[in-house]
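Trainee: Take a look at this one; I'll ask things after.
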Amino acid sequence: MRNAVFAAFALLLSGTAGALLVGGSLAAPQMRAVGEPPRGLPFDAVRIDRADGGQVAAWFARGAADKPGILLLHGVRSDRRAMLGRARFLIDAGYSALLIDLQAHGETPGEHITFGFKESDDVKAAAAYLARRVAPRRIGVIGVSMGGAATLLGDAPVQADAVVLEAVYSSIERAIENRLAMRLGDPGRVLAPLLTWQIETRLGIAPIELAPARAIAGLQVPVMIVAGLADRHTEPDESRRLFAAAREPKRLWLIEGARHEDLHAFAGVEYEHRVLRFLRHHLEDPRP
């Protein structure tokens with residue numbers, strides 16, 4: 001009995017130590033040099049002032065004078081370059097495009113990744129910048145994974161005229177459970193509290209503040225939710241939950257065979273057709 005108790009205690013201790021290491025790595029900044037804008041696209045490098053005195057690194061491409069602007073938001077551990085494929089077809093369609101590095105990513109400074117919470121300040125600053133650059137035209141947002149979460153989280157969702165959300169987690173608890181289950185099988189889900197309890201200690205954010213499925217009710221503009229049916233990071237029922245909580249008008253597109261990956265690269269022309277149709281309807285059609 002004594003040996004069994006000792007073994008259980010040792011397992012708990014090692015599991016907790018492991019969880020601390022994992023928690024630290026998940027929130028570690030992912031800053032890197034992004035470099036000059038790619039040739040062949042009409043980008044200017046810009047810096048956008050943030051409310052806290054910091055600056056958001058970005059690329060801006062001015063489109064046709066009569067066309068809206070689109071803010072493009074990358075996922076976790078990535079940077080603005082991940083959104084270049086989407087930028088290309090949007091620019092070809094005449095839209096202005098703004099690609100940013102979210103805080104603690106790329107060339108935008110930050111102490112920790114916060115899974116969309118502090119990143120939401122970058123989104124709001126960038127949306128306001130884009131609105132000024134394309135006024136009086138409307139603006140849209142395409143946010144991928146954490147970028148989509150950042151569109152919804154914070155004091156209120158971003159002020160835009162239409163939003164596309166791709167593979168956005170429903171709650172941080174569920175996001176952690178999914179990732180543990182992928183690595184350890186379903187029993188791994190029971191270890192999720194060892195990571196969840198660190199969020200407030202490390203980041204100063206209560207887990208309830210990392211709940212896009214709750215925050216989406218405050219989004220008062222048209223929304224299109226896109227996800228992969230084979231996604232194990234953000235499972236299809238989470239996307240359905242976001243869709244159910246969203247206000248009308250709304251659309252849901254679940255892509256057969258797609259995982260937690262670049263959905264534009266996966267679906268190609270169909271992605272471009274569906275997203276452009278949504279954006280044109282809500283950003284270019286005359287206001288009611």
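Trainee: How big is D, in µm² s⁻¹, for region 226-288 by Stokes-Einstein at 10 °C and 1.306 mPa s if Rh is the Kirkwood radius over C-alpha pairs?
Mentor: Working: Rh = 12.8 Å.
Roughly 124 µm²/s, to the nearest whole number.
Trainee: Can you give me the angle between helix 269-279 and the longest principal axis of the chain, using Cα atoms only, in degrees from 0 to 90, rounded to the nearest 10?
Mentor: Tilt relative to the chain: about 70 degrees.
Trainee: Right, here's the next one. How much length is gained if the chain between Glu284 and Leu252 is pulled fully straight, taking 0.36 nm per residue apart and subtracting their Cα-Cα distance, in nm to one decimal?
Mentor: Details: separation 32, 0.36 × 32 = 11.52 nm, distance 2.05 nm.
Roughly 9.5 nm would be gained on extension.
Trainee: Please report, in Å, the Rg and the Dmax of the chain, where both are computed over Cα atoms only.
Mentor: Expressed in Å, the Cα Rg and Dmax of the chain come to 19.7, 77.
Trainee: Same structure again: Would you work out the relative contact order for region 171-282, in percent, from Cα pairs under 8 angstrom that are 6 or more residues apart?
Mentor: Working: 140 pairs, mean separation 24.8, N = 112.
Averaging sequence separation for qualifying contacts and normalising by length gives 22 percent for region 171-282.
Trainee: Need one word for region 184-282: rounded, prolate or oblate. Basis is the Cα gyration tensor (sqrt eigenvalues a ≥ b ≥ c); a/c below 1.5 gives rounded, then a/b vs b/c decides.
Mentor: Values: a/c = 2.57, a/b = 1.49, b/c = 1.72.
Cα axes put region 184-282 in the oblate bin.
Trainee: Another question, if that's okay. Roughly how many nanometres apart are two label points built 7 Å out from the Cα toward the Cβ at Arg232 and His273?
Mentor: 3.1
Trainee: Using a ≥ b ≥ c from the Cα gyration tensor of region 55-158 (square roots of the eigenvalues), is it rounded, prolate or oblate, where a/c under 1.5 gives rounded and otherwise the larger of a/b and b/c decides, a/b for prolate? Please list the in-between numbers first.
Mentor: On the way: a/c = 2.01, a/b = 1.56, b/c = 1.29.
Here region 55-158 falls in the prolate category.
Trainee: Quick one: angle between helix 172-184 and the longest Cα principal axis of the chain, in degrees between 0 and 90, rounded to 10, please.
Mentor: Approximately 60 degrees, to the nearest ten.
Trainee: Arranged by the count of other C-beta atoms within 10 angstrom, fewest first, what order do His74, His273, His105 take? Don't jump to the answer; show the numbers that get you there.
Mentor: Details: His74 24, His273 12, His105 29.
Final ranking by Cβ density, sparse to dense: His273, His74, His105.
Every read-out reported here was derived from the displayed coordinates using simple, explicitly stated rules and does not represent laboratory data. All figures in this text were calculated on a predicted structure; none of them were measured in a lab. Cβ: placed from backbone, ideal geometry, glycine included. Neighbour counts: every protein chain shown.
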